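Heads up: the structure comes next, in structure tokens.
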Amino acid sequence: MILLAAMFILGGALTWAAKVDKAVNIKVGSKNRKYRLYVPNNVKENTALVFCLHGTGGSSDNKQPAFDAIANTEGIIVVYGHGENVKFPFFGNMELPGWNSTGEWSGDIDYIKAIIEDVASKYSIDRKRIYCCGFSNGGMMTYTVANLLGDVFAAYASISGYPINEFHLHHTGARPVPFLHIHGTNDDLVKSAYVSKIIDNMVARNGCNPVPETTTKSGKFTKKVYAAGEGGFPIVFYSMNGMGHSPETNNTEEGNASKTMWNFMKEYTLDSPCDPTLKWRPCIEQEGWAPKSHGWTINSGTTICSFGKDQNTNSNANVYPSLQFIKGNYRLTFNAIGEAGKQVTVQLKRLAGKKDEVFSTAVEVGEKRAIDFSIPDEWAEFKISFTKDDAADDITITGIEVHSVDPNEAGINDVRSDVSTHVDGIYNLSGTRTNGLTRGINIIKTSDGKTKKQFVR
């Protein structure tokens, strides 16, 4: 009986033992790199794949965030990434293992994509259920992955890591993304003081309700769930009481940070419905929300509302409110509620470099105003402002949204005031002056000597 019991216990242990737990070498371009692969004995067919990215100075052997136990229970495959040496100005330009989490494409993105193909060549994975999470600099890299590989990874989670300093947040990805963030109130390395601005950016980029559903567990955490709006996904933020800069905590609802991250991520696949054209929806009119405390200027003189502030790295770790776009064509829509016949001038202006205007357009008060515009740069930051002619005019802006558009399907709403106020001449593609906007592409010469394209359905 004792022998049988021992065999039963041993058999149970073997059921949960790792089928594979080893370092894997991989060629990425001209570089030799490695990662750690964990495959449980009970791995499922067409299973999920989770990437775990370590912090600065770490390695794949650290297994942070720790997902082995989850893999054993769920039958999923886990990859622990191994960062190359990166120069970190924050640490006196020391070169330490980590990630190029700048929000821009780098060899690390090529490395991550190469790992997916390497794992898929050996195991049956569900490409619609690939997830990314990370600790510290690995959490920063998770934000970069969300920015650049939103059409590859289904959902994301970060613990103690968000983009700071040289890793300023870029968030202009292929689609809205589900994202969970865990951060300690006592984190003095990746400071907890600035994480709320990152969450604000994610909430607006995802089109969430900016007024969260809040749950507080005394002495443990405050959890904020920003509910998904139309076409988007929720953003979840845990503020952990007393937690410092750590890859783990047992104070979440599940008693384990990795389980909390997994339980969130596994709810989503690349088939989860969303609107990939949605690029920004701040919901400033949401009842119970105070946009002034989240980087907005509201009802100041002739300014109805504006968003976007200049960088000030020394005082805010390079975390500040900005509206961000990559090269492409976009449509801004909004409601201007007020007295008929009044006008609103909308300006989009770069925050850095030449700080030139993308557009400055006057439209009449009314519902569902629309302005089409193009961004020629690969990535830039902007300030948007809505102003009125007279500070006494009672005008409210609601329903602000920005969507990407196909230029062949773009159109113009309420162009009369734009034409009368700013336009010196309108020409077709052959250079012939026309009496007004015509179907297709119009070349418009404005009163300040500039030219721009407008598309009319």
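The values are calculated or read from the model by the stated rules, or taken from the named source; none is laboratory data. If you're wondering where the values come from, they're calculated on a predicted model, not measured in any experiment. Positions of Cβ are generated from backbone atoms using ideal geometry, with glycine treated the same way; all protein chains shown enter the neighbour counts. The area values use the complete protein model at the heavy-atom level, side chains included, leaving out ligands, DNA and RNA. Shrake-Rupley method; radii C 1.70, N 1.55, O 1.52, S 1.80 Å.
For the range 27-115, compute Rh as the Kirkwood radius over C-alpha pairs and then the Stokes-Einstein diffusion coefficient at 20 °C and 1.002 mPa s; write the answer in µm²/s, rounded to an integer. If you can, show how the numbers build up before the last one.
Working: Rh = 14.1 Å.
It diffuses with D of about 152 µm²/s by this estimate.
In debye to the nearest 20, how big a dipole does the range 251-394 give about its Cα centre with +1 on each Lys and Arg Cβ and -1 on each Asp and Glu Cβ? Could you put the intermediate results ahead of the total?
Working: 17 positive and 21 negative charges, 88 e Å.
Dipole size: approximately 420 debye.
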With label points set 7 Å from each Cα along the Cα-to-Cβ direction at PHE90 and GLU339, the distance between them in nm comes to 5.2
Is the shape of the range 215-265 best called rounded, prolate or oblate, per the rule: a/c under 1.5 gives rounded, else a/b larger than b/c gives prolate, else oblate, with a ≥ b ≥ c the square roots of the Cα gyration tensor eigenvalues?
prolate
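Could you sort 104-111, 49-56 so that the peptide with the highest average Cβ count within 10 Å comes first and the rest follow in order?
On the way: 104-111: 17.2, 49-56: 27.1.
Output ranking for 104-111, 49-56: 49-56, 104-111.
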Counting only the heavy atoms of the protein chains, how much of PHE91 is accessible to a 1.4 Å probe, in Å² to the nearest 10?
80
Can you give the accessible area of ILE284 in Å² (nearest 10), computed on protein heavy atoms with a 1.4 Å probe?
20
Compute the angle between helix 137-148 and the longest alpha-carbon principal axis of the chain, please, reported from 0 to 90 degrees and rounded to the nearest 10.
50
Karplus couplings for the range 326-342 from phi (6.51 cos²θ - 1.76 cosθ + 1.60, θ = phi - 60°), rounded to Hz, Gly and Pro as x?
9, 4, x, 10, 9, 10, 9, 10, 6, 10, 10, 9, x, 5, 4, x, 6
HN-Hα couplings for the range 296-307 via Karplus (6.51, -1.76, 1.60; θ = phi - 60°), in whole Hz with x for Gly/Pro, come out as 9, 9, 10, 6, 10, x, 8, 7, 6, 6, 8, 8
Just to confirm the number: angle between the C-alpha axis of helix 107-120 and the first principal axis of the chain, 0 to 90 degrees, nearest 10?
50
Can you tell me the dipole magnitude for the chain around its Cα centre, using point charges on the Cβ only (Lys, Arg +1; Asp, Glu -1), in Debye to the nearest 20?
720
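With a ≥ b ≥ c the root eigenvalues of the C-alpha gyration tensor of the range 271-413, is it rounded (a/c under 1.5), prolate (a/b larger than b/c) or oblate? Could the numbers behind the result be given before it?
Working: a/c = 1.41, a/b = 1.09, b/c = 1.30.
Note, shape of the range 271-413 comes out rounded.
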Gap separating the Cα centres of the range 253-271 and the range 128-178, nearest whole Å:
15
Between 0 and 90 degrees, rounded to the nearest ten: what's the tilt of helix 195-206 against the longest Cα principal axis of the chain?
70
Out-of-range pairs (alpha-carbon distance over 31 Å; input LYS22/LYS266; LYS217/LYS368; LYS34/LYS223):
LYS217/LYS368; LYS34/LYS223
Under 5 Å between amide H atoms, partner at least 5 residues away or on a different chain: which partners does ALA157 have, H built in plane at 1.01 Å?
CYS132, CYS133, GLY134, LEU180
Ranked highest first by average number of other Cβ atoms within 10 Å, how do 130-140, 22-32 line up?
130-140, 22-32
With just the Cα atoms defining each centre, how far is the range 331-347 from the range 183-237? Give it in Å.
31
So what does the Cα-only Debye profile of the chain read at q = 0.08, 0.12 Å⁻¹, as log10 I(q)/I(0), no solvent term?
-0.53, -1.03
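Report, in deg cm²/dmol and to the nearest 500, the calculated mean residue ellipticity at 222 nm for the chain, where each DSSP H run with n ≥ 4 adds -39500 (n - 2.57) and the sum is divided by the residue count. The partial results should precede the final answer.
Values: 8 runs with 80 residues, N = 457.
Value at 222 nm, helices only: -5000 deg cm²/dmol.
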In Å², what does the accessible area per residue of the chain work out to with a 1.4 Å probe?
44
